Amino acid sequence: MNETTVKKRMLSGIKPSGDLTLGSYLGAIRNWKEREDAFDCYYFMADLHSITVRQNPADLRRRSLEQLAQYIACGLDPEKNVLFFQSHVHQHAELGWVMNCYAMFGELSRMTQFKDKSAKNAENINGGLFTYPALMAADILLYQADLVPVGEDQKQHVELTRDIAKRFNGVYGDVFKIPEPYIPKVGARIMSLANPEAKMSKSEDEDAGRVCLMDRPEDIMRLFKRAVTDCDSVVRYDPVEKKGISNLMNIYSAATGRSFEQIEAEFAGRGYGDFKKAVGESVVELLRPIREEATKLLADKAYLQKVCEEGAQKAAYVAEKTLRKVYKKLGFVAR
Ligand code: AQP
């Protein structure tokens, strides 16, 4: 058996619904790099999913391309990982429709993300927001993925994907591999700098709360200077009483590799001002190479075009095999 046949396949996507943040990097993308030799990895820009919330077209296009450049700048090698735009592989939309017909109204109604998102977008509760998990099932099942990395908020969707796949297989035989949720090595959970009770988020956080991968050093320093802390002055890890400081310690630890004890010792007897400055500087240095590399890549449109074309071709090859099998089982006349 050669090496590629034994590798497990893994798939993950991020919606280009906001600029990637320090949270996206430390919580997810940084860990992706470590998997590229052990797994057969597919990473996509989930542009189809992003339009369940209204997007400005020019911003969506810019962010989608930036996301591709940032994936590469964060270290993902396009030779080892399949990188593509979801909308470039039409099989997602096609299988998405089929999945819609095998997902039950009751199941979709129970998805907590639908409830959350509809509460936040009360003026635009569209059908796509409701059937989002059917498209997500298609994303996963098209590639016969063994593993799907999941955070808390997506667990329910992977469970639903498994249920739909089992239902389909139950009628038509072994068409889909039943994917397992993969609990990634815990990346740091990064909280908003403006509100340490809430996650730093690319589409929901206010500007003062999130650090984006392309932010300029002076802007990063300003954000950390204004980060919400408490009225104490001791740098101590206490995620209950000192949420703001603990979040900054998390970030500093992730950026420098220092332990909480080492950080507490380093800042003993010094004020928050010194500490915030040090955290800001460590993040500037952490993100500098990513921003510089992404900027270089964004200036080379031909290269990005080549990467996403090749990625879409590789992805479509696998996706088409699954889709053909599905269409045949359903009784569609062969093209
Ligand atoms: N703050 C964070 N800390 C740790 N991990 C994070 N991730 C995101 N933010 C943090 C991880 O990144 C991956 C992609 O997550 P996401 O696309 O759901 O990111 P988001 O910023 O939270 O997105 P939003 O604001 O909810 O926008 P929409 O709904 O439009 O995509 C995941 O692995 C996540 O754990």
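The values are calculated or read from the model by the stated rules, or taken from the named source; none is laboratory data. Nothing here was measured: the structure is a model prediction, and the numbers come from that model. Quick reminder, even Gly has a Cβ in these numbers, built from the backbone with ideal geometry, and neighbours come from all protein chains shown. Ligands, DNA and RNA are stripped out before the accessible areas are found, and what is left, the full protein with its side chains, is counted by its heavy atoms. Shrake-Rupley method; radii C 1.70, N 1.55, O 1.52, S 1.80 Å.
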>> Please report the carbon-and-sulfur percent of the accessible area for the chain; probe 1.4 Å, protein heavy atoms only, DNA, RNA and ligands left out.
In response: 53 percent
> Using a Gaussian network for the chain with springs between C-alpha atoms less than 10 Å apart, which of these wobbles most: Gly280, Gly75, Gly127?
Replying inline: Gly127
> For the range 241-329, how many pairs of lysine residues have a Cα-Cα distance under 26 Å, where the two are 8 or more positions apart or belong to different chains?
Replying inline: 13
> Across the chain, where is the longest run that never hits GluC sites (Glu not before Pro) in a DSSP loop with at most 10 other C-beta atoms within 10 Å?
Replying inline: 242-335
> Once label points are set 7 Å from the Cα along Cα→Cβ at both Cys101 and Asn195, what is their separation, rounded to one decimal in nm?
Replying inline: 4.3 nm
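Using a simple charge model, +1 on the beta-carbon of Lys and Arg, -1 on the beta-carbon of Asp and Glu, nothing else, what dipole does the chain show about its Cα centre, in debye to the nearest 20?
On the way: 49 positive and 47 negative charges, 185 e Å.
With Lys and Arg at +1 and Asp and Glu at -1, about 880 debye.
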> Highest GNM mean-square fluctuation, the chain, Cα pairs closer than 10 Å: which of Lys80, Lys276, Lys120?
Replying inline: Lys120
> Which residue, chosen from Phe275, Leu108, Val307, occupies the Cα position most advanced towards the positive end of the dipole of the chain, where the dipole is computed from +1 (Lys, Arg) and -1 (Asp, Glu) charges on Cβ about the Cα centre?
Replying inline: Leu108
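Per residue, how much accessible area does the range 189-335 have with a 1.4 Å probe, in Å²? Please list the in-between numbers first.
Details: 8120 Å² over 147 residues.
Accessible area per residue, the range 189-335: 55 Å².
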>> Going Cα to Cα from Lys155, which lysines come in below 18 Å? Please leave out same-chain ones fewer than 8 positions away.
In response: Lys15, Lys115, Lys117, Lys166, Lys177, Lys185, Lys199
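Calculate the all-directions average of the projected area of the range 1-136's alpha-carbon convex hull, and give it in nm². The partial results should precede the final answer.
Values: hull surface 38.8 nm².
Taking the Cα atoms of the range 1-136, their convex hull projects to 9.7 nm² on average.
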>> Pick from Gln67, Gln313, Gln305 the residue whose mean-square fluctuation is largest in a GNM of the chain, springs joining Cα atoms under 10 Å.
In response: Gln305
>> Treating the chain as a set of equal point scatterers at the Cα positions, no solvent, please give the Debye-formula log₁₀ I(q)/I(0) at q = 0.08, 0.11, 0.14, 0.15 Å⁻¹.
In response: -0.42, -0.76, -1.16, -1.29
